[in-house]
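Nothing in this text is a laboratory measurement; each read-out follows from the coordinates by a stated rule. Here the structure is a predicted model, which is why all the values come from computation and not from measurement. Backbone-built Cβ (ideal geometry, glycine too); neighbour counts: all protein chains shown.
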Amino acid sequence: MGADLSVFFSGITGSNCSNGSLSLQSKPSLGDLPESCVALVLASLDPPEICKLARLNRAFRGASWADFLWESKLPSNYQVLVRKVFGELPGDLGKREIYARLCQANSFDCDTKKFWMHKSTGGVCLSIASKGLSITGIDDRRYWSHIPTEESGFRTVAYVQQIWWFEVDGEVEFPFPTGTYSLFFRLQLGQTSKWFGRQICNTEHVHGWDIKPVQFQLWTSDGQHAASKCLLNVTKWKYYHVGDFVVDKSNAATKIKFSMTQIDCTHTKGGLCLDSVVIYPSEFRERLKRF
Amino acid sequence: MADDGVNTKVEAVSKATTETIELRTEDGGVFDVDKPVAMEFLILKSFYEDEGRVFDKTSIRLPNVKQLELSKVIEYCTRALEFGAKSAAAAGDKDAERMVRQEREGFEAEFVDELSNEMLKELILAVNFLDIKEMLDFLIRSVANRIRNRSVAYVRQFFDIENDFTPQEEDQIHQENAWAFEGVDAD
C-alpha cells in the first residue's frame, strides 16, 4: 500500500480531471508551461528582451505587462524619480510604463541637466550641460564662447580660445538609487566643424594642455572625495574619469560637487571644447574610458 | 593521512541518514531515494511534516512524473546537496569556495547541455509539481539562456507556439515596444 500525491494537486497545469489526478498532454511543448513558470522565465531576462518576447503571442504579451515583473527591474527609489519627472505620482501608470518613461531622457533644472535609466540594467545616468556649470570667465568673449553643435546632447558646447585661469565647477543634487557611480568630464581638444561635408577638427587654438596636468575632483555631501589629474592631448571627444562615489542610502538625494582646474598662471591654455559632465553607474566606467 | 575536512563532512551526511523513501513514477519506475534528497521535494516535505505523518518506509506514487525525469531530478538534487555541504565546509577559504563554485558551474553546464528542449520542459513541469525551488530556478535560467538574444521566430519555435496576433495588434505592439529599442544619448 502506498500514498498517492495526486490529492495535493488541484489544477496547476495541463488538463484537469475532476477526480483530482492530472493527465499529461500527449505532445510536450514549452508552450504548455504554467503561467508561473513563464513569468519566472521573463523575470530572468532584461527589459528589452521582455519587450521582444511580447511579440510571441497573446499569452506572452499579457505576461510581459505584469506589474510584479517590472517592479523587480525598477530601482528601489523609483517613486522619487517618477516624482522628479512628473511632479507627482500618477495613480494609474503601470510599472512597465513607468520603466519606459524613466528610460527616456528627462530634463530638469531649466534643461541644464537630464537623467535617464539605462534600458537593460535600470541604472540611473545623469548628464549636466556646459550651461549648467560654473565656468570662470564664461561671460568674457575674449576667453569663452558657446557654440551650437550636433555633437552635444545639449546641442551646445562651451569653447575656450585662450585663458590663464581655467576653472569649471558644478554641483548636482539628485536621488541616485544605491550603488557606485563614476563621474566624467566630456571634452575635446580642438573644434569640430564641417568643411564641404567632411568633419574636420580645427586645432589652431589648442595649446597649453601638455605642460601641466589638469586637476579633476569630486566631493559628496557625506564626505567622499575623489581626484585625478592628467595632461590633455586627444583631439577627439573623450570622457575623462574624475572618480567614483558610493550611494548607500537612496532615501535622501545625494549632493555632489565637482571641478576641473588648470590654474597655473605661468602659461595660457586654450582650444578646448567642454560638452558636459556625466555620471554613470560604475559598471559602465571602463566602457566610457575607452570611448 | 591529512584530514580531508570536506569529504569527511559529506560522508557523514550520507552515513547518518540511510533512510530512504520509495517513489513510484506513473510509468512504472521505482526509485529508492535518500531521505535528505527526497525532503528537497517540498511536496513530500509538507506531506510528512505538515500532515504530521510519521516517517515510515512507505511507497509514494507520483502522478505526472516519469522515470526519466525523476532520475534526472534525483541526480541534480543529490549533487546540489553535495555542493551545499562542500560549500559550507569551504566557508571562509576563498580559494576553496571558488573551486566548489567552479565545480558546480561545470556540473550544471554539463547537466543542462545534455537536455533537449522537450526534456527541459518535462523537467520544469516535474520540478514545478514536486516544488523544488533551487532546481526550478536553475531550469528557468537555462531556458532564459537558450532564448536570450534569439529572434522572435526562433523563440516561437522553441516554445512551439503560434503567432495569434492580428496585423493591427502587431503594429500596436511595435509601438508599445519602441522605447526599448531606440537609442538614448551616449550609451
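In plain terms, the residue of A:C265, A:C201 with the fewest other Cβ atoms within 10 Å comes first and the most crowded comes last, giving A:C265, A:C201.
Seen against the Cα atoms of chain B and their longest principal axis, helix B:133-147 is set at about 30 degrees. So the label point goes 7 Å from the Cα of B:Q172 along Cα→C-beta, right? Which residues of the stretch A:69-94 then have their backbone N under 17 Å from it? Residues A:94 qualify, since their backbone N sits under 17 Å from the label point. Each other residue within a Cβ distance under 10 Å of A:F108 adds +1 if Lys or Arg and -1 if Asp or Glu, for a net charge of +1.
Near A:R96: Cβ cut-off under 15 Å, other residues only, Lys/Arg at +1 and Asp/Glu at -1. The net charge is 0. By DSSP, the beta bridges lying fully in the protein assembly as shown are antiparallel in about 90 percent of cases. Under a 5 Å amide H cut-off, with hydrogens placed 1.01 Å from N, A:T149 pairs with A:T156, A:V157 among residues at least 5 apart or on other chains. For A:V242, the residues 5 or more places off, or on other chains, whose built amide H falls under 5 Å of its own are A:L183, A:F184, A:F185. Calculated FRET efficiency, A:F291 to A:D169, Cβ-Cβ distance, R0 = 25 Å: about 0.55 to the nearest 0.05. GNM on chain B, alpha-carbon springs under 10 angstrom: the most fluctuating residue among B:A80, B:A96, B:A126 is B:A96. Looking only at the stretch A:95-112, which residues have a backbone nitrogen under 15 Å from a spot 7 Å from the Cα of A:S72 in the C-beta direction? Inside the label zone: A:96.
Quick one: among A:G132, A:G208, A:G197, which has the greatest mean-square fluctuation in a GNM of chain A with alpha-carbon springs under 10 angstrom? Its mean-square fluctuation being the largest, the pick is A:G197. Placing pseudo-labels 7 Å out from each Cα toward the beta carbon at B:E22 and B:N163 gives an inter-label distance of 5.4 nm. In this simple spin-label model, placing a label point 7 Å from the Cα along the Cα-to-Cβ direction at both A:S221 and B:R101 gives a separation of 3.6 nm. In this model, which of A:K194/A:K236; A:K73/A:K95; A:K119/A:K249; A:K95/A:K255; B:K35/B:K72 are farther than 19 Å apart at the alpha-carbon? Among A:K194/A:K236; A:K73/A:K95; A:K119/A:K249; A:K95/A:K255; B:K35/B:K72, the Cα-Cα distance tops 19 Å for A:K119/A:K249; A:K95/A:K255. Shown in residue order for the stretch B:68-83 are the 3J(HN,Hα) couplings computed by the Karplus curve 6.51 cos²θ - 1.76 cosθ + 1.60 at θ = phi - 60°: 4, 5, 4, 5, 5, 5, 4, 4, 5, 5, 4, 5, 4, 5, 4, 5 Hz (x for Gly and Pro). Considering only B:M39, B:P167, A:V80, the residue lying farthest towards the positive end of the dipole of the protein assembly as shown is A:V80, judged by Cα position with unit charges set on Cβ. Dividing the summed helix terms, -39500 (n - 2.57) for each DSSP H run of n ≥ 4, by the number of residues in the protein assembly as shown produces a 222 nm estimate of -10500 deg cm²/dmol to the nearest 500. For the stretch A:124-132, the Karplus equation 6.51 cos²θ - 1.76 cosθ + 1.60, evaluated at θ = phi - 60°, returns couplings of 8, 10, 9, 9, 10, 6, 4, 6, x Hz by residue, with Gly and Pro reported as x. Under the criterion of Cα pairs below 8 Å and six or more residues apart, the relative contact order for the stretch A:82-207 equals 13 percent. If R0 is 35 Å, the Cβ-Cβ spacing of A:S107 and B:N149 corresponds to a FRET efficiency of close to 0.60. Across the protein assembly as shown the C-alpha pair distances fall into 10 Å bins from zero in the proportions 3, 15, 19, 18, 17, 13, 8, 4, 2, 0 percent.
Between B:A88 and A:T235, the FRET efficiency estimated from the beta carbon spacing at R0 = 60 angstrom works out to 0.55.
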